[in-house]
1. Towards the positive end of the charge dipole of the chain, with charges on Cβ (+1 Lys, Arg; -1 Asp, Glu), say which of Q13, V111, S123 has the farthest Cα.
2. Taking only the alpha carbons of the range 59-120, what extent do you get along each of the three principal axes, in Å, biggest first?
3. What order, most packed first, do the peptides 122-128, 2-8, 80-86, 195-201 have when packing is the mean number of other Cβ atoms within 10 Å of each residue?
4. May I ask you to compute the full-extension gain from D59 to E159, defined as 0.36 nm times their residue separation minus their alpha-carbon distance, rounded to one decimal in nm?
5. Consider all pairwise Cα distances in the range 57-189 and report the whole-number % of them above 19 Å.
6. Over the range 1-96, what is the relative contact order in percent, taking alpha-carbon pairs closer than 8 angstrom and at least six residues apart?
7. Explain nothing, just the number: dipole magnitude of the chain about its Cα centre with +1 on each Lys and Arg Cβ and -1 on each Asp and Glu Cβ, in debye rounded to the nearest 20.
8. Give me the one-decimal nm value for the distance between modelled label points at R27 and S83, 7 Å along each residue's Cα-to-Cβ direction.
Amino acid sequence: TLPEISNKYCAGQVLVDIYDNIWVVIRRNDTYGLYVMSNDGKQKLHLNVRSFFTNGEEDQITNMNDVFCITEDNEGEIWVGTSNGVCVFEDPSMVFTDSESDPYYGDQPGVNLNDGIYHPLLSTSTVTTIAIDGGNRKWCGTLSDGLYLMSADGEEEIEHFTTENSNLISNVITSLAYDGKNGILWVGTQQWLVSYQTDSKDAFDQFIDV
């Protein structure tokens with residue numbers, strides 16, 4: 001039983017990470033967030049999703065509790081899509097150390113535009129879904145801005161597909177699924193389903209005929 005959230009929140013997407021912890025997107029009216037618990041139920045946390053950035057002179061804390069999706073990348077990091085971009089928890093094993101005196105912050109990657117200015121990843125977009133491809137790159141679907149392909153660290157925009165520059169049938173992206181065997185990205189949209197042949201595939205555990 002989860003008295004902290006039952007009968008108070010609706011449960012959304014559920015993710016089990018490599019540490020066997022369970023992450024749940026929770027919603028009440030128009031307010032979202034994250035709830036995390038250990039698999040044995042002994043540790044539970046209503047996580048305040050916030051990113052932390054510093055340039056050595058000034059600290060920036062961004063509230064990112066308006067959560068729409070979560071996914072785990074190929075290195076075990078938790079990527080969270082929100083109404084103001086993406087928040088990344090690089091070491092999810094530390095999630096239960098969160099406290100008022102020592103908050104467990106995420107990181108909002110900065111896109112490198114070579115101008116010396118911090119540009120938070122997709123900060124003006126609502127990220128509704130994230131898929132990870134074989135190169136650990138991030139495919140980010142948005143509520144109205146189409147589909148982005150970002151580098152593994154989120155610091156480089158590789159592609160931005162919209163209805164204007166591609167065969168994408170809607171800029172409203174509702175879901176993504178990556179077929180690593182064939183390198184195909186399946187894109188759920190407001191207008192139905194499309195597929196895209198990426199230039200990436202999952203790696204094999206064993207190689208023969210080398």
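1. Q13
2. Cα spread of the range 59-120 along its principal axes, largest to smallest: 37, 29, 22 Å.
3. On the way: 122-128: 19.6, 2-8: 11.1, 80-86: 23.9, 195-201: 15.1.
The peptides rank, most packed first, as 80-86, 122-128, 195-201, 2-8.
4. Values: separation 100, 0.36 × 100 = 36.00 nm, distance 3.02 nm.
Taking 0.36 nm per residue and subtracting the Cα distance, the gain is 33.0 nm.
5. Details: 4389 of 8778 pairs.
Tail fraction, whole percent: 50.
6. Working: 175 pairs, mean separation 18.0, N = 96.
Worked out over the range 1-96, it gives 19 percent.
7. Numbers: 10 positive and 33 negative charges, 213 e Å.
Dipole of the chain, to the nearest 20 debye: 1020 debye.
8. According to this spin-label approximation, the distance is 1.2 nm.
Just so you know, all these numbers are worked out from the coordinates, no wet-lab data involved. Just so it is clear, the model here is predicted, and its values are computed rather than measured. Ideal geometry is used to build each Cβ from the backbone, glycine not excepted, and the neighbour counts take in all protein chains shown.
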